[in-house]
Every structure is written in structure tokens, then in C-alpha cells.
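Everything below concerns the one structure shown next.
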Amino acid sequence: MGLWTRKPISELAAHTMPEGHALKRILGPWDLVLLGIGAVIGAGLFSITGIAAAENAGPAITIAFLIAALGCFFAGLCYCELAGMIPISGSAYTYAYATMGELVAWMVGWSLILEYALGSATVSISWSAYMVSMLHDLGIYLPLKLVASPWQPIHLADGTAVYGWINLPSLLIVTAISALLIRGIKESSFFNTIIVLIKVSAVLVFIFLGFFYINPENYHPFIPSNTGDYGHFGWSGIFRAAGVLFFAYIGFDAVSTASQEAKDPQRSIPMGILGSLVICTILYVLFGFVLTGLVNYKELHVAAPVALAVSKTPFLWLGWIIKLAVLAGLTSVILVMLLGQSRIFYAMSRDRLLPKCFSEIHPIFHTPWRSNLILMVFVGLIGAFAPISAVGHMTSIGTLLAFTIVCMGVLILRYTDPQLHRPFRITYAPLVSILGILVCLVMMFSLDQDAWWRLVIWLGIGLIIYLSYGRKNVTSSS
Ligand code: ALA
């Protein structure tokens, strides 16, 4: 097979592993909806919403949430069509293999590392900061040297910056979650369900109680006038905010990485993707509405905007519940991201683009345990030593690239293989996929130049590895 040879859908869909080496199909549609919500609601909602309101959109972040959701919805529909046709693990990587060939598939798989592995490392660093803050509230003080990376300054009350040795809480959460993922998909899904119930309940409590303390004056003006700079308020600000808030939606696509562990995937994967997207969009819009109603948008540029909003209500205990929800939220994001990454590596290794150990399934737990172990070390080390700013910015651009290629995949297959059976068939597919591509590209272009440079360098490294390892491995074993 050449660089551009597409892998036939029939070959991909019929892909089976030898007895004892297969993933187990045990996830039902609700497990998948909850997995999606688990991956989606996290740092984006609890921290970025405040910044996007204060810097870009004001109270109109509710509109920005809807625009970002629209882009995700088009991409989500495309994921559903492809997931229905190719119900095996690998997500965008596998779909790219079927539609654009090996090289593009590799590049998509490589950029998904930005979404899943780097995304989980970023979130594990935020998790550590929240855990340290909760322990402070309980009067427990961990040594500063053990809670920050050597390159991440911690600012003390007197303004001095202290550097750590290692971010131990971040390393510990990645290790614990990896151990759970190795233990089994059923156990991981059960744990995810509990966490999702905690965080969604807390978000609902915030919305319902906060609603009664909204100050309507905070909504005037609803769309603050543009300051003269593109992206600072006005409609350009709303679009910039949509690009920033896109981070809060990342993760719904992780549902498709679990295709090979889903019962009746042709029905349950679309339900998981679209169900989690719709539920999260409703929660986000209501949350943004209440947040900007409680606090004037100009005051929202703070590290913990939700805590500030809670201080405007008489329910100060809510602050604690929200912190717990944030911690729960971040935990499930790490869980589903690490799950998704291990399944993508599994698929890439099955196709021989990665070493065989990545697709080795544990004989008792039925999980790709070596892949989980390797990720534990890789992501754990990044979480322990990297500063959050260095890893956080690459997640959105890598994800948007994957979404764009998935939308292109649907378009291509509609022209090359119109006769194929599509269990989930999008109506107006060309329109939906073109709109999906356009919205994703607009969001990509709204990101700063640094993000683009990082993406180009990352893809360059990926290309070198592909040419020096992946390509050779595929040709030597075929
Ligand atoms: N959507 C995930 C979050 O907001 C990545 O944390």
C-alpha cells in the first residue's frame, strides 16, 4: 500500500483481533453519553468562560457558546456518519485512513496526541492546582517544592516567585487513573458515571440558585461595543470567544474512540456523541448566562470566576461544592482523554504504524494495558515537569485539525463511495461537511500565531517519525 492508498472500509470494519486479544463490547448508549460529558465539562467551563467574557464577548458569551457548539455539531454529525460505517476504535485516525490514505491518517493520529495526551497533561496540572487549593482550605499545606514544576513559578502573597521541583499531585492523578484504565473499561466507565453525576449536579445547583440573584444591569450592554481591536468585543469578539471556548467542547469526539467497546455501536456512538454535545451545550449556555448575570463581565478576568460569582449570592457553601465539582470535572476529563489516546494508539499499532506493544491486550482485563502504561509515564512526566502554558495552547488547534479532516472525509466518501451502506446518514451531507470545515477553519484562524507555529513544528516531527519508522514498518510487514 502506498502513502495515499485508502484502506477499504470493508477491511477496516471487518477488522478483528485474535481471540483473547480483542477489546470487550460492554458500553451501552448511556455509558457513552456519560463518557462524552465526562470528557467535555472541565477546565474550559470553569476557568475559560470568565476570561472569554472579560476579554472578548461580555455577556454575549452565551452566543459564543452557541457558535462553538454549532461548529462541533457539524463535526459531530460527520463523526456519527463515519463511526456508523466504521465502528472500530481509532476515531478520526481510522476515518482518515479510509478516506485519505495512510499519510493523512498518520498525521491525524499524530495531531490527536495534542488533543488527548497533551490535553490530559494540561488538565492534570489544573487538577493539581485545585487539589492544593482545596487542601489549603482544610488547613493542609503541601511543601511548595512538591506541587509545581521547576519551570512553573508559584507567586507567594508577598509577590515573590518560587519554583518547584516536581508537580507530584499531577503525577499521582495520572498514575491513579492509568491504573484504573488498565483494570477495565467497565470499572472506568462506572467511576466516570459517578464523577459526571457529581459535576453535573453542581453545575445545575449553581444555575438554579444563581438565577435568583442575577442583576439584570449586568446584561447591559449585552454585546459590548468593539474597542477598535479585532476580537475585543462586538461581533469579532464573539467569534474570538467562540474560538477560545471551543476548548470547553473538546472531548465529545472521544466517544468515537470507544467504538470497539460499544454494544451496538452504529446506534450507540451517534447517541453518545450528539447526546453529550446537546446536554453540554444547554448547560454551558445557562451557566454563561448566570455567571455574567451575577458578576459584571469586566470583573471576570480572575483565576476562579465561579468563586467570584458565588460570593454574589448568600450561598457561600456553594463555593465548596463548585470546587469539588471542578475537581471531579477535571478528573473525568483526564480519564476519558487517557482512554481515548490509548485506543487511538491501539488502532495505529494494529495498522503497524506504531510498535506492536501498543495493541497488546491484557488477557484478564481486556484493555490495551501497555499503551496505558506508556501513556502513564509520558503524560505523568509532562504533568510533573512541564509548565501549563507550554502544553495548554496546542490542544485546540490539534483537535480542530482532526475535526476538519473528519468533515472532509465525509465529503470525499460521498463522492467516491456513494453506494456504501451508511447506518447513520446525514441529510444534506455536503452542506453539513462544508459548514463543518468552514466553522473549524474560522476557529483555527482565530487562534494566535504561536499555536500555528507549534502545530507546524509538531506535524514536521510527526512526518520525520512516519518516514523513518511508520512507513518502513508498514511496508516491511505487508
Ligand atoms: N473540554 C475539556 C475541558 O474543558 C477539555 O476541560
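The values are calculated or read from the model by the stated rules, or taken from the named source; none is laboratory data. Keep in mind that what you see is a predicted model, and the values were worked out from it rather than measured. A quick note on method: Cβ atoms are made from the backbone with ideal geometry, for glycine too, and the neighbour counts reach across all protein chains shown. Surface accessibility is based on the protein's heavy atoms, side chains included, excluding ligands, DNA and RNA. Shrake-Rupley method; radii C 1.70, N 1.55, O 1.52, S 1.80 Å.
Worth pointing out:
- Checking each residue of the range 224-234 against the condition of being at negative phi, among the aromatic types (Phe, Trp, Tyr) and not in a helix (DSSP H, G or I) gives at least one match.
Conditions tested, residue by residue: (1) modelled with pLDDT of 90 or more; (2) assigned to a loop (DSSP other than H, G, I, E, B); (3) within 16 Å of the ligand (Cβ to nearest atom).
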position: LEU112; (1), (2), (3): yes, no, yes
position: ALA121; (1), (2), (3): yes, no, yes
position: SER124; (1), (2), (3): yes, no, yes
position: VAL132; (1), (2), (3): no, no, no
position: ASP158; (1), (2), (3): no, yes, no
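- Some residue of the range 51-65 being within 16 Å of the chain's Cα centre (by Cα) and under 28 Å from ALA121 (Cβ atoms): yes
- In the range 134-156, the qualifying residues are those that are out of contact with any strand residue (DSSP E or B) (no Cβ under 7 Å at 6 or more places or on another chain) and in a helix (DSSP H, G or I), and the one that is least open to solvent (accessible area, probe 1.4 Å) is MET134.
- ALA402 being under 20 Å from ILE269 (Cα atoms), within 16 Å of the ligand (Cβ to nearest atom) and in contact with an Asp or Glu (Cβ under 8 Å, 6 or more places away or on another chain): yes
- Out of ILE194, ILE198, one residue alone is farther than 30 Å from CYS440 by Cα and more than 16 Å from the ligand (Cβ to nearest atom). It is ILE194.
- Scanning the range 319-361 for residues that are aromatic (Phe, Trp, Tyr) and closer than 17 Å to GLU115 by Cβ, we see that the one that is farthest from the ligand (Cβ to nearest atom) is TYR346.
- Of all residues assigned to the range 209-217, none qualifies as being more than 16 Å from the ligand (Cβ to nearest atom), open to solvent by less than 60 Å² (accessible area, probe 1.4 Å) and out of contact with any helix residue (DSSP H, G or I) (no Cβ under 9 Å at 6 or more places or on another chain).
- Test result for VAL391, of a type outside the set (Gly, Ala, Ser), out of contact with any strand residue (DSSP E or B) (no Cβ under 8 Å at 6 or more places or on another chain), crowded, with 24+ Cβ neighbours inside 10 Å and at pLDDT below 90: no
- Taking the criterion of being open to solvent by 10 Å² or more (accessible area, probe 1.4 Å) and of a type outside the set (Gly, Ala, Ser), the residues of the range 223-236 that qualify are ILE223, ASN226, THR227, ASP229, TYR230, HIS232, PHE233, TRP235.
- With respect to the stated conditions, ALA98 is surrounded by 14 or more Cβ atoms within 10 Å (Cβ to Cβ), modelled with pLDDT of 85 or more and part of a helix (DSSP H, G or I).
- All positions within the range 237-275 that are within 11 Å of the ligand (Cβ to nearest atom), assigned to a helix (DSSP H, G or I) and either at pLDDT 90 or above or crowded, with 24+ Cβ neighbours inside 10 Å (or both): LEU245, PHE246, ALA248, TYR249, ALA254
- Among the residues of the range 276-301, those that are of a type outside the set (A, V, I, L, M), crowded, with 20+ Cβ neighbours inside 10 Å and more than 22 Å from the chain's Cα centre (by Cα) comprise THR292, GLY293, TYR297.
- Qualifying positions in the range 405-429 - closer than 18 Å to PHE73 by Cα, free of Cβ contacts under 8 Å to residues at least 40 places away in the same chain and open to solvent by 50 Å² or more (accessible area, probe 1.4 Å): THR427, TYR428
- Qualifying residue in the range 171-186 (condition: over 18 Å from LEU327 (Cβ atoms), among the charged types (D, E, K, R) and in a helix (DSSP H, G or I)): yes
- Pair list, Cβ under 6 Å, 6 or more apart: the range 264-282 residue within 15 Å of CYS78 (Cβ to Cβ), other residue among the aromatic types (Phe, Trp, Tyr) and not in a helix (DSSP H, G or I): PRO270/PHE424; ILE273/PHE252; LEU277/PHE252
- 1 or more residues more than 15 Å from the ligand (Cβ to nearest atom) and modelled with pLDDT under 95: qualifying helices (runs of 4 or more DSSP H) within the range 1-85: 9-13, 29-40, 61-85
- When the range 110-128 is filtered for residues that are touching a Ser or Thr at 6+ places or on another chain (Cβ under 9 Å) and under 17 Å from LEU400 (Cβ atoms), the ones remaining, listed by number, are SER111, LEU112, LEU114, GLU115, TYR116, LEU118, GLY119, THR122.
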